[in-house]
Amino acid sequence: MGGDQTQHVLWRIQNGELEGLNPEAVVLMIGTNNAGSSPADDIAAGVEAIVAELRKRLPESDILLLGVFPRSEKPDATREKLQKVNARIAKLDGGKVHYLDIGKAFLQEDGTISKEIMPDFLHLSPKGYELWAEAIEPSLSKLVDEKS
């Protein structure tokens, strides 16, 4: 959903959003919408809580946990905050949680983000979504193929 923050996703999971589902894998990328109002530790704690709830409710599903994507045209304080979030949530990697940071796929060589990828330097364009899909496809395929 647009504008989702970690607490919104957690509430929906705790209140039936996953009832009756048993996916082979879950792809999770959440936290960027918390960046304007929350410190890095709070954002990371929200992601950790979501992962814990997913593990509890979907014990057979693998989780492909994506690092929070970079945002802003150029490196700035918000990107630094999200790098701290990613450093902390990367520690969740292991077992059925598979951390993957694909943020560099959206960056130019000089660290900027092109309007062609993120027109407002936050939301992905169709080309940005293609880059996202291409970046996670090998990892996601591996998780699903292992269950076949």
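For segment 28-54, what are the residues that are part of a loop (DSSP other than H, G, I, E, B) and either within 14 Å of the chain's Cα centre (by Cα) or of a type in the set (S, T, Y) (or both)?
Selection gives M29, I30, G31, A35, S37, S38.
E73 passes all but one of (1) acidic (D, E); (2) more than 25 Å from A105 (Cα to Cα); (3) not in a helix (DSSP H, G or I); which number fails?
(2)
Search segment 104-128 for residues that are touching a residue at least 24 places away in the same chain (Cβ under 8 Å) and pair each with any residue that is surrounded by 14 or more Cβ atoms within 10 Å (Cβ to Cβ) and among the polar types (S, T, N, Q) when their beta-carbon atoms are under 6 Å apart and the residues are at least 6 apart or on different chains.
Note: pairs meeting the criteria are F121/S72.
Of all the residues that make up segment 41-61, how many are over 14 Å from M29 (Cα atoms) and touching a strand residue (DSSP E or B) at 6+ places or on another chain (Cβ under 6 Å)?
Count: 1.
Residue by residue, here is whether (1) assigned to a loop (DSSP other than H, G, I, E, B); (2) within 14 Å of V68 (Cβ to Cβ); (3) in contact with a Ser or Thr (Cβ under 7 Å, 6 or more places away or on another chain); (4) not charged (D, E, K, R) holds:
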| position | (1), (2), (3), (4) |
| --- | --- |
| R79 | no, yes, yes, no |
| Y99 | no, yes, no, yes |
| G111 | yes, no, no, yes |
| E116 | yes, no, yes, no |
| P119 | yes, no, yes, yes |
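With (1) more than 19 Å from Y129 (Cβ to Cβ); (2) surrounded by 12 or more Cβ atoms within 10 Å (Cβ to Cβ); (3) in contact (Cβ under 8 Å) with a residue 40 or more places away in the chain as the list, and G36 as the residue in question, which single condition is left unmet?
Among (1) more than 19 Å from Y129 (Cβ to Cβ); (2) surrounded by 12 or more Cβ atoms within 10 Å (Cβ to Cβ); (3) in contact (Cβ under 8 Å) with a residue 40 or more places away in the chain, G36 violates only (2).
Give the residues of segment 130-148 that are surrounded by 11 or more Cβ atoms within 10 Å (Cβ to Cβ), within 16 Å of the chain's Cα centre (by Cα) and more than 11 Å from A105 (Cβ to Cβ), sorted by residue number.
S139, L140
With R71, R55, R88 as the choices, which residue is of a type outside the set (A, V, I, L, M), in contact with a helix residue (DSSP H, G or I) (Cβ under 7 Å, 6 or more places away or on another chain), farther than 21 Å from G3 by Cα and in contact (Cβ under 8 Å) with a residue 12 or more places away in the chain?
R88
Suppose we filter segment 123-148 for residues that are touching a Phe, Trp or Tyr at 6+ places or on another chain (Cβ under 9 Å) and either acidic (D, E) or closer than 17 Å to G31 by Cα (or both); how many remain?
2
We did not get these values from a lab; they are worked out from the coordinates using the rules stated. For clarity, every value in this text was computed on a predicted model and none was experimentally measured. No Cβ is skipped: glycine too gets one built from the backbone with ideal geometry, and neighbour counts run over all protein chains shown.
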